[in-house]
1. Quick check: anything in the range 283-295 over 18 Å from GLU185 (Cα atoms), away from ligand 2 (no atom under 16 Å from the Cβ) and open to solvent by less than 40 Å² (accessible area, probe 1.4 Å)?
2. Can you name the strands (runs of 3 or more DSSP E) wholly within the range 81-174 that have at least 1 residues being within 12 Å of ligand 1 (Cβ to nearest atom) and under 25 Å from ASN291 (Cβ atoms)?
3. So which helices (runs of 4 or more DSSP H) are wholly in the range 264-341 and hold at least 2 residues that are under 17 Å from THR79 (Cα atoms)?
4. Across the range 158-203, what is the total count of residues that are closer than 20 Å to LYS269 by Cβ and open to solvent by 20 Å² or more (accessible area, probe 1.4 Å)?
5. Could you identify the single residue in VAL134, VAL90, VAL28 that is under 25 Å from ASP342 (Cβ atoms) and modelled with pLDDT of 95 or more?
6. Would a scan of the range 70-77 turn up a residue that is in the same structural domain as HIS22 (by TED's automatic domain parsing), open to solvent by 10 Å² or more (accessible area, probe 1.4 Å), free of Cβ contacts under 8 Å to residues at least 60 places away in the same chain and not hydroxyl-bearing (Ser, Thr, Tyr)?
7. Is there a residue in the range 336-345 that is within 16 Å of ligand 2 (Cβ to nearest atom) and either under 22 Å from ASP160 (Cβ atoms) or touching a Gly at 6+ places or on another chain (Cβ under 7 Å) (or both)?
8. Restrict the check to the range 193-201 and report whether at least one residue is part of a loop (DSSP other than H, G, I, E, B), under 23 Å from the mean Cα position of the chain (by Cα), modelled with pLDDT of 90 or more and of a type in the set (A, V, I, L, M).
Amino acid sequence: MIVLGIESSCDETAAAVVEDGHRILSSVVASQTAIHSPYGGVVPELASRQHVKVIVPVVSEALQRAGLDLSAVDAIAVTQGPGLVGSLLVGIGVAKGLAYASGKPLVAVNHLEGHILAAFLEESPPSFPVIALVVSGGHTNLYAVNNYSNVTLVGRTRDDAAGEAFDKVAKFLDLGYPGGVVIDELARSGNPSAISFPRAYLEKDSLDFSFSGIKTAVVNFVRKYVDSNKGGSIGISENNGDLAKQLPVQLADIAASFQEAVVDVLVAKTCSAAQRFDARQVVVAGGVAANSRLRERLREEMARLGLPLMLPRAELCTDNAAMVAAAGFHQLEKTGGSWDFDFDAISRWPDKTAGS
Ligand code: KG4
Ligand code: ZN
């Protein structure tokens with residue numbers, strides 16, 4: 001079965017053609033990073049406008065690269081949520097239009113379920129039961145996955161997502177955008193033990209996360225030393241490093257210590273979940289899964305526990321439409337039918353399971 005996937009939940013416009021939920025025939029991603037970069041975060045209105053501009057060419061290119069036209073596609077899958085409503089509606093509108101015009105089945109999928117299923121697009125897919133950590137700019141969730149249609153949310157962030165903490169700390173320090181990428185890079189030359197930032201493990205046995213405290217701890221640490229009247233951002237780089245000289249440590253040390261604290265908690269909770277649910281495989285996805293220190297630490301810890309770890313390649317970790325096509329394929333296998341055309345975008349998906 002050949003599925004055309006369409007994704008527009010945040011700041012990437014993507015389309016992909018996937019065969020049988022596994023073989024990627026094409027995958028096109030148009031990133032909006034340059035558009036949002038001056039603002040240090042995604043501006044929803046700009047995101048929707050850009051989706052409108054590029055979505056038709058992106059879908060055409062995906063079909064063209066796969067060497068197919070719409071008549072060769074068996075179904076169309078589109079991200080229904082969670083995400084920015086204005087952005088989601090662009091993908092949904094195009095998917096409905098294509099499905100209506102071509103008479104193909106249309107299936108609406110959960111973006112987070114897509115992130116989990118991205119791992120199954122790799123050459124050797126994971127074996128169930130799986131523990132999946134989905135860690136991105138909007139989410140930090142742990143799922144117990146028993147099979148394609150049995151996905152249970154077992155842990156989630158109670159405040160900021162891990163990627164959001166990276167982005168906010170980078171914005172505060174004026175390091176650049178996207179924050180996670182810059183901090184990852186800067187942290188390479190820093191000392192991860194320079195500052196002991198707090199790790200929020202929450203109640204004993206909890207698989208939930210909390211990252212707002214560590215972000216505040218970074219802000220408080222810097223404000224203790226740096227004399228700046230600026231509100232949201234401390235403006236270190238704008239001042240050519242003059243403000244940075246007031247710090248007792250290098251900026252790289254702050255980046256490395258912050259990153260280490262976030263990674264410590266992500267790794268500890270993922271290992272606990274894997275042990276508690278007797279996982280045969282641990283899967284990590286979402287933009288933060290590209291973090292070099294997280295990848296290194298997960299590899300070490302999983303090897304120590306004797307658990308196979310699946311870190312999908314970077315382009316499958318970040319937002320893409322191949323994962324949407326894969327999720328659509330499995331949903332069609334399960335339900336067999338087409339969705340009604342009157343479904344709407346869902347900005348916040350109910351928490352119980354990824355797919356419910
Ligand atoms: O999954 P994604 O592309 O988009 C969604 O949020 O859905 O994730 C983007 C997030 C951003 O917060 C970005 O700062 C973070 O992933 N990120 C990273 C790295 N690369 C991207 N965080 C830490 N280290 C990285 N190397
Ligand atoms: Zn995502």
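The values are calculated or read from the model by the stated rules, or taken from the named source; none is laboratory data. Values in this document were obtained by computation on a predicted structure and should not be read as measured data. For neighbour counting, all protein chains shown are included, and Cβ atoms are generated from backbone atoms with ideal geometry for every residue, glycine included. Ligands, DNA and RNA are stripped out before the accessible areas are found, and what is left, the full protein with its side chains, is counted by its heavy atoms. Shrake-Rupley method; radii C 1.70, N 1.55, O 1.52, S 1.80 Å.
1. Scanning the range 283-295 turns up no residue that is over 18 Å from GLU185 (Cα atoms), away from ligand 2 (no atom under 16 Å from the Cβ) and open to solvent by less than 40 Å² (accessible area, probe 1.4 Å).
2. Output list reads 130-135, 140-147.
3. 314-317, 322-335
4. 12
5. So the residue among VAL134, VAL90, VAL28 that is under 25 Å from ASP342 (Cβ atoms) and modelled with pLDDT of 95 or more is VAL90.
6. The answer is no, given that none of the residues of the range 70-77 is in the same structural domain as HIS22 (by TED's automatic domain parsing), open to solvent by 10 Å² or more (accessible area, probe 1.4 Å), free of Cβ contacts under 8 Å to residues at least 60 places away in the same chain and not hydroxyl-bearing (Ser, Thr, Tyr).
7. yes
8. yes
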